[in-house]
Amino acid sequence: METASTLNIILHSLYKNEQGQAAAELAQGKMLASPVAQRLVEHLSALYAAKQSKGYGRFEEDEALYPLPRLLREYAQENTLSFVELSQKMMGQLTDLLREENIFDVGHVLFARAQHSESVDFLFVAIIGEAQSFTLNDSGELVEQAYLDLDKLRVAGRIDLAAWRNDDGRYISFLKGRTDVAAYFKRFLGCNDVVAALKETKKLIKGIEQFAETQQLEPQARDELYENAHRYLEDLGENSVPWDVDTVATTIAPQQAEALRSTLRDEQLGLREGCIPDRRAIRPLLRLKAAAQNWKLEFNRSGLRSGDVAYDRAHDTIVLANVPEDIKRELLADPNGMNR
């Protein structure tokens, strides 16, 4: 991530009060936007980008139940809320939800708004735990000190403010993590968790096909991969279960899972995981369709292995075997349809 031209950053704290409930200790001012603070946000953004399972969506329309878009308008458009006030109000909503869900996330809550331009402007929210380490002081004595445990980031979300202003696509993302974590944090962000199932499933199939091509799989291995993918994704679709890259890779290509995982996570593919497979998009894994000006053809990939369908490269023709009787009769009845 490039260095932010404008950075607002603040850290509040979460703790468990004497009643055993989530409570917040609010900071009263922003942190200095120092080079260290900028590197912190850059590091967290990189960790967040590398996380495997995310949800995506837009703001819910009911602002009485989900007030974040109203607060953001007051802050980012109407300028009636300061960044500090925005973060404090959001902390109030977060602690209320934690109490309601009886969840205890102890640590620090980071709010950061980074602006590079009109088109690159985002608000990042993350709950960061604390850990202990040991070091030597100036006198050479061993001392214990607390530090922010960034490597265990599991609760975070990102709002693309530029896309939100333009009402463009799915401008909210969040770490899905465990189901209970995802549910309360998605609610905190007011995210409707929209996923375009057909579009994303098509991109998933494209990624699987690209993997087969780059790995130069033999026809039999390629068809086995496609059949495994079709079987698995169809089962997920029938049971309304969303897919994720890790499980897809280890299920359909266990011997080459890491290579397939890398292909599916390629930024060029732009794959958004977490949707229920659309069965229309997975059909090409088993069936091929082709059309020219005067004909249309659809067949199972298995026909290529059985010899029922063969491509004659020398003559640029497709040869079909085991022609059904009704088609034979049609061809025999039309002299123009027979190859003399």
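Sort out which residues of region 288-320 are at pLDDT below 80, of a type in the set (D, E, K, R) and assigned to a strand (DSSP E or B), and write them in order of number. Result: K289, E298. I need the full set of residues from region 43-68 which are surrounded by 14 or more Cβ atoms within 10 Å (Cβ to Cβ), more than 16 Å from R154 (Cβ to Cβ) and at pLDDT 85 or above, in order please. Result: G57, R58, F59, E60, E63, Y66, P67, L68.
Does A321 satisfy being surrounded by fewer than 14 Cβ atoms within 10 Å (Cβ to Cβ), out of contact with any Phe, Trp or Tyr (no Cβ under 6 Å at 6 or more places or on another chain) and among the small types (G, A, S)? Walk me through how you get there before you give the answer.
Working: surrounded by fewer than 14 Cβ atoms within 10 Å (Cβ to Cβ): yes; out of contact with any Phe, Trp or Tyr (no Cβ under 6 Å at 6 or more places or on another chain): yes; among the small types (G, A, S): yes.
When the stated conditions are applied, A321 passes them.
Of everything in region 208-244 that is surrounded by fewer than 20 Cβ atoms within 10 Å (Cβ to Cβ), touching a residue at least 24 places away in the same chain (Cβ under 8 Å) and touching a Ser or Thr at 6+ places or on another chain (Cβ under 8 Å), the residue that is farthest from L288 (Cα to Cα) is D244. Of all residue pairs spaced 6 or more apart or on separate chains, those with beta-carbon atoms under 7 Å, a first member in region 25-48 that is under 21 Å from V106 (Cα atoms) and a second member that is basic (K, R) and modelled with pLDDT of 90 or more are Y48/R158. Residue count for region 143-168 satisfying the condition of being without any contact (Cβ under 8 Å) to a residue 12 or more places away in the chain and either touching a Phe, Trp or Tyr at 6+ places or on another chain (Cβ under 8 Å) or not polar (S, T, N, Q) (or both): 4. Screening S5 with (1) at pLDDT 90 or above; (2) more than 24 Å from D105 (Cβ to Cβ) gives one miss only, at (1). Checked against (1) in contact with a Gly (Cβ under 8 Å, 6 or more places away or on another chain); (2) farther than 18 Å from Y184 by Cβ, L47 passes all but condition (1).
Yes/no per residue for (1) outside any strand (DSSP E or B); (2) touching an Asp or Glu at 6+ places or on another chain (Cβ under 6 Å); (3) not assigned by TED's automatic domain parsing to the domain that holds E63:
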| residue | (1), (2), (3) |
| --- | --- |
| S87 | yes, no, no |
| M91 | yes, no, no |
| L94 | yes, no, no |
| D105 | yes, no, no |
| E118 | yes, no, no |
| F122 | no, yes, no |
| A131 | no, yes, no |
| G140 | yes, no, no |
| V143 | no, no, no |
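The values are calculated or read from the model by the stated rules, or taken from the named source; none is laboratory data. Everything numeric in this text was worked out from a predicted model, so none of it was measured. Heads up, the Cβs are rebuilt from the backbone with ideal geometry, glycines too, and the neighbour counts pull from every protein chain shown.
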